[in-house]
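All of the numbers you see were taken from the coordinates with simple rules; none came from a lab. What you see is a predicted model, and the numbers here were worked out from it, not measured in a lab. All Cβ positions, even for glycine, are placed from backbone atoms using ideal geometry, and neighbour counts span all protein chains on display.
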Amino acid sequence: MLLFVLMATVLAAGASVEVSPTSAAAGQEFTRAQARRQVEALGELGRALFFDPSLSGSGKIACASCHDPDHAFGPRNALAVQLGGGDMHQPGVRAVPSLKYLQAVPPFTEHFFESEDDADESIDNGPTGGLTWDGRADRGREQAKIPLLSGFEMGNKDEAEIARRLLAAGYDKKIAAIAGPDRQDDPRTVYDTALKAIEVFEQDYQTFYPYSSKFDAVLAGQTTLTAQEARGRDLFEAPDKGNCSSCHVSQRGNDGTPPQFTDYGLIALGVPRNPDIPANRDPRYFDLGLCGPLRTDFAGRKEYCGLFRTPTLRNVALRQTFFHNGVFHSLRQAVEFYVEREMDPGRWYAYRANGGVDKYDDLPEGAKANVNMDPPFDRRPGDKPALTSAEIDDVVAFLNTLTDGYSPTKAQ
């Protein structure tokens, strides 16, 4: 384990990052400036590790291979799942999520309470928080372990193998500068330092949460939405229309922070089964999110089956795969699913062998009761859709304003 001499919270690159400076001399105290330098060293190391394929079993896949900076640190292609492992032919089971705007995600909790505005009662919002699609990691360093040790991702057998790869790649001096010169050969210290470094790198605000979209420029009074984008925002927020903001919160926080476009909750949406995922060729296999199989601590909780984390919609227009199983490949199609899931299930779901639509066909029968029915999912066949085709275009236009890299000057 790392020798934690000082637990300090410092302001690193504009974000509060908890760091644990270490020293060869027990009891040495770090000044704020020294702690900042420690964070900078960790961030520099983390950046190098993030782009280094030599840390994988194949020597061909880095974190950035699946989390591409040019695609909001999400997948660069339209594949539902990526290939990895020691031979680069092992398919994953879920779509790759974006790593941007994770800095404010709270730790996972089964019961997240918030007060009603006009009453003294509190509302239990149920499972909330955590990283990954099923919320099983609370911190960046915990999340980083998953791909490093996954047989279908970076393909390392254990922590010791990762430490050996780090030293073989020449990171010993950088690790020694952070963990102390007498700890650079300790496999656990090497491994833990690498995880912490990746976590610190992913807290760099300029890279991972710059708030540089057109929508942010609108909030800052630097530009305005077009007529179509403004209509889309209204539809996005209207409870009787898109009702998107009920989960993808679009208002500033109480402390004035920019909207994150997520409530951090876990929800069952009943998206269609994706035949492009090799694991789904087995009709007995179901990815049930919070209740397994990748997450195991809630395996017996039937009420949690089918629940997946609500991601931020920031940079969503850069994606080519949508939802946890990558079943849709356009933003418009994803919005159409919300509008038509209950009105036209035959468009979205497979038919049973004996006839009839198998609604929510990526869930076993016992989990289908968990599927969310809030608007716009409250429609039935024959009802008027919550959004017309033109209104769907408006919502998509608004979602495009959430892409980082907007320049008011260039837009003029």
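For this structure, a couple of remarks:
- Binned Cα-Cα distance frequencies in segment 214-411 - 10 Å width, integer %: 8, 32, 34, 19, 6, 1
- When you count the other C-beta atoms within 10 angstrom of each residue and take the mean per peptide, 43-51, 352-360 line up highest first as 43-51, 352-360.
- Distance between segment 218-285 and segment 302-334 - C-alpha centres, whole angstrom: 9
- Shown for the chain are the DSSP H helices of 20 Å or more along their axis, judged by Cα atoms, with a mean Kyte-Doolittle hydropathy of at least -0.5: 32-50, 187-201.
- Neighbourhood net charge (14 Å Cβ-Cβ; Lys/Arg +1, Asp/Glu -1) for Glu44: +1
- Cysteines, the chain, no other Cys beta-carbon under 4.7 Å: Cys63, Cys66, Cys244, Cys247
- Note on Thr388 and Glu40: with the Förster distance fixed at 41 Å, the Cβ-Cβ geometry gives a FRET efficiency of about 0.20.
- Nonlocal amide H pairs with Asp68, under 5 Å, H built at 1.01 Å: Phe73, Gly74, Arg76
- Label positions at Arg380 and Leu149, each projected 7 Å from the Cα along the C-beta direction, are separated by 5.0 nm.
- Packing rank of 106-113, 395-402, where each peptide gets the mean count of other beta carbons within 10 Å, highest leading: 395-402, 106-113
- Percent of Cα pairs exceeding the 42 Å cut-off, where the set is the chain: 17
- Summed side-chain charge close to Pro275 - residues other than Pro275 whose Cβ falls under 14 Å, Lys, Arg +1, Asp, Glu -1: -4
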